[in-house]
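A quick write-up on the structure given underneath.
The values are calculated or read from the model by the stated rules, or taken from the named source; none is laboratory data. In this text the structure is predicted, and so the values were computed from the model without any measurement. Reconstructed Cβ throughout: ideal geometry from the backbone, glycine too, with neighbour counts over all protein chains shown. In case anyone asks, the SASA skips ligands and DNA or RNA and just uses the protein heavy atoms, side chains included. Shrake-Rupley method; radii C 1.70, N 1.55, O 1.52, S 1.80 Å.
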Amino acid sequence: QVQLVESGGGWVQAGGSLRLSCAASGSIFSINAMGWYRQAPGKQRELVATITFSGTPTYADSVKGRFTISRDNAKNTVYVLMNSLKPEDTAVYSCNADNRAYISGGRDSYWGQGTQVTVSS
């Protein structure tokens, strides 16, 4: 089993920045791709950013150019630096880890508990 613990959420004014962290523990040898999802009230869950084990990132169009995902495999941690935040970025952000080379978001992947990000206008 893999445990994921997120940190770094909070409140910020529009235009500000936050950095989320997600630390993995447990059977970390099984982790391959990692990523971040978010879900705002009344909206579907959205895949925000992913990163392969070797560090290749992908981004949703809604965050491209503003968010940067990175990982430190030695620390078993994935980060997302969120700049130029907008009120529409307000959501619960959840870390996801997969033993596949891509993020599937499936039931057999691993999830953190989520951290709230609130951006005020």
Checklist entry - Does Phe29 meet the test of being under 17 Å from Ile103 (Cα atoms), outside any strand (DSSP E or B), out of contact with any helix residue (DSSP H, G or I) (no Cβ under 8 Å at 6 or more places or on another chain) and touching a residue at least 24 places away in the same chain (Cβ under 8 Å)? => result no
Item to check | Filtered residue count, segment 74-121, keeping only those that are out of contact with any Asp or Glu (no Cβ under 9 Å at 6 or more places or on another chain), over 14 Å from Asn32 (Cβ atoms) and of a type in the set (A, V, I, L, M, F, W, C) | outcome: 6
Checklist outcome for this item: The correct count of residues that are basic (Lys, Arg), open to solvent by 60 Å² or more (accessible area, probe 1.4 Å) and within 16 Å of the chain's Cα centre (by Cα) in segment 15-46 is 2
Checklist entry - In segment 84-103, which residue that is modelled with pLDDT under 95 and either assigned to a strand (DSSP E or B) or open to solvent by less than 50 Å² (accessible area, probe 1.4 Å) (or both) is nearest to Gly15 (Cα to Cα)? => result Ile103
Checklist entry - Would you say Gly55 is open to solvent by 60 Å² or more (accessible area, probe 1.4 Å), on the phi > 0 side of the Ramachandran plot and either at pLDDT 95 or above or aromatic (Phe, Trp, Tyr) (or both)? => result no
Checklist entry - So which of Ser21, Ser17, Ser7 ends up being hydroxyl-bearing (Ser, Thr, Tyr), touching a residue at least 40 places away in the same chain (Cβ under 8 Å) and under 15 Å from Asn96 (Cβ atoms)? => result Ser21
Item to check | All positions within segment 104-121 that are open to solvent by less than 60 Å² (accessible area, probe 1.4 Å) and assigned to a loop (DSSP other than H, G, I, E, B) | outcome: Ser104, Gly105, Gly106, Ser109, Gly112, Gly114
Checklist entry - Restricting segment 65-83 to residues that are among the charged types (D, E, K, R) and not in a strand (DSSP E or B), which is surrounded by the fewest Cβ atoms within 10 Å (Cβ to Cβ)? => result Lys75
Next on the checklist: Going residue by residue through segment 59-80, is there one that turns out to be touching a residue at least 40 places away in the same chain (Cβ under 8 Å) and in contact with a helix residue (DSSP H, G or I) (Cβ under 9 Å, 6 or more places away or on another chain)?
Outcome noted: yes
